[in-house]
Amino acid sequence: MPDPLKYNKNFDKLSYEEKQLLEETKKSIADFVEQSPSISDVNYATRNAHAKTYAVLSGYFIIDSHLPQDLKYLFDKEKYDIIARLSNANLKIKKNKKDIPAYGFSIKIKDDAGRTISNYPLVNFPLFPTNSVSAFLKMFTAINKFYAKKWGNWTSFIRNLWKVVPSLLTFSFIKHSIGLFLKRNDFILSFDYYSVGAYRLDDKMIKINISPKSIQKKSGTRREIKKSVKNYFENNDYEAEVFIQLCYDLKYQPINQLNIEWKNSPFIKLGKIRFERNAFQSSDGCDNELLSFNPFESAEIFQPVGKIQKLRDEAYKVSLQTRKKINKLLKYK
C-alpha cells in the first residue's frame, strides 16, 4: 500500500456563506433545546439530536496486541476506561412507540485521571445524506424550527428536505437503506456502528467501524429497547472489534463525500471494546444530559476531519450550553 495521506486543515475549511448558515443553525439549536421539555414531554432539556438515551455503559477499550508499530505508538497503554451512550437519532423522545431503527453508540475514551482522550459519536448507518454543507445546514435548521414552532414551519421543512433527495440516490445509500430496513427489528447491540466522517490518527486520516461478536439479533423488541439492553447486561458481556480504514487516495477514500463508502483501503483491527455484565448505568433523568461526546473535545491528534464534521464543534457546544442552562447543571467535563 502507498503511504497514507496526511491531514491538512484545508479539509475542514468552511466558506463565508457556510459560516453564516452555521450561525443561523446554532440559533435554531438553542431554540429547540429550550423548548425540548415540551417537545418531548419530559421534565428536562434534551439534546437536539439523539434525544433519547437507552443506556449509559462503563467499559474498556483494549488495544490489539498485533497493531502495527506505526499506529501502536499513539497509545501509551493497552487498556483504557470508556463510557458509552446508546441513543436514538430522533430529535423527539417518543414514549410507548416503536422507535425508528436509527441508533447511536457514542464512546468516550478516558485517561487514568478520568479526563477525555477522545470522543467518537458512532451510528448504525455508514453514510451521510448529503455532501453539501449548505444543504445540510438549511435542512437541519428547518427541522429544528419545524419542531420548535409546533409544525408551523412545514413548508420550509419540506422544501429543504426535498433538496437533499438527489444525494440519497447513490448505489451505496440505497443498498444500506434496504439493509437497514431488513434489520429494523434487530437488537440494538447487534448492529455495526460507524464514524461516517473521518478522524485524525496523528497526521493520518481514518474512518472507524465497530463490529459486535456473537450478539443475538432478536433480543428484546423495538418497543422496549431500554429494558432489553438492561436485561441483556444482567446476564451477558458485550464485546465488539474496532476496525479502522486509512485514507490513501481521495479518489477512493474521499474526506468530504460522505454519501459513498471508502474503497481500496483494508480494515485494520485497532482493538476491541468490552462491557461486562452490570455495565448498565441509569439512563433516566437529566443527569445524562451532562455527558458530552463532542469529538472536538478530543486530543488534537484524534479530532474529526472534514467540513460537515467541522459543524459538530459549534453545534455540540451550543446544545450542551443550552441544556446546562435549562437543567441548571453546575459543571461538565
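The values are calculated or read from the model by the stated rules, or taken from the named source; none is laboratory data. Predicted model, so just to flag it, every value in this text is computed and none were measured. In this analysis, Cβ positions are derived from the backbone assuming ideal geometry, glycine residues included, and neighbour counts consider all displayed protein chains. Please note that ligands, DNA and RNA were not included when accessible areas were found on the heavy atoms of the full protein model with its side chains. Shrake-Rupley method; radii C 1.70, N 1.55, O 1.52, S 1.80 Å.
The single residue among D186, D237, D203, D192 that is acidic (D, E) and either under 19 Å from N131 (Cα atoms) or within 18 Å of the chain's Cα centre (by Cα) (or both) turns out to be D192.
Condition check for Y248 on (1) farther than 28 Å from K97 by Cβ; (2) within 22 Å of the chain's Cα centre (by Cα); (3) not in a helix (DSSP H, G or I): one failure, at (2).
Screening the candidates P266, P304 for the property of being under 21 Å from L127 (Cβ atoms), surrounded by 16 or more Cβ atoms within 10 Å (Cβ to Cβ) and at pLDDT 95 or above yields one hit, P304. Checked across region 13-23, the condition of being touching a residue at least 40 places away in the same chain (Cβ under 8 Å) and open to solvent by less than 10 Å² (accessible area, probe 1.4 Å) holds for no residue. Annotation: A142 fulfils all but one of (1) farther than 30 Å from D3 by Cα; (2) in contact with an Asp or Glu (Cβ under 9 Å, 6 or more places away or on another chain); (3) surrounded by 18 or more Cβ atoms within 10 Å (Cβ to Cβ); the unmet one is (2). Only one of the listed residues (K97, K9) is of a type outside the set (D, E), without any contact (Cβ under 8 Å) to a residue 24 or more places away in the chain and either in contact with a Lys or Arg (Cβ under 8 Å, 6 or more places away or on another chain) or farther than 19 Å from L291 by Cβ (or both). That residue is K9. Contact annotation: residue pairs with Cβ atoms under 6 Å, 6 or more positions apart or on different chains, pairing a residue in region 185-205 that is farther than 17 Å from N259 by Cα and β-branched (V, I, T) with a partner that is open to solvent by less than 10 Å² (accessible area, probe 1.4 Å) and modelled with pLDDT of 95 or more, are I188/Y103.
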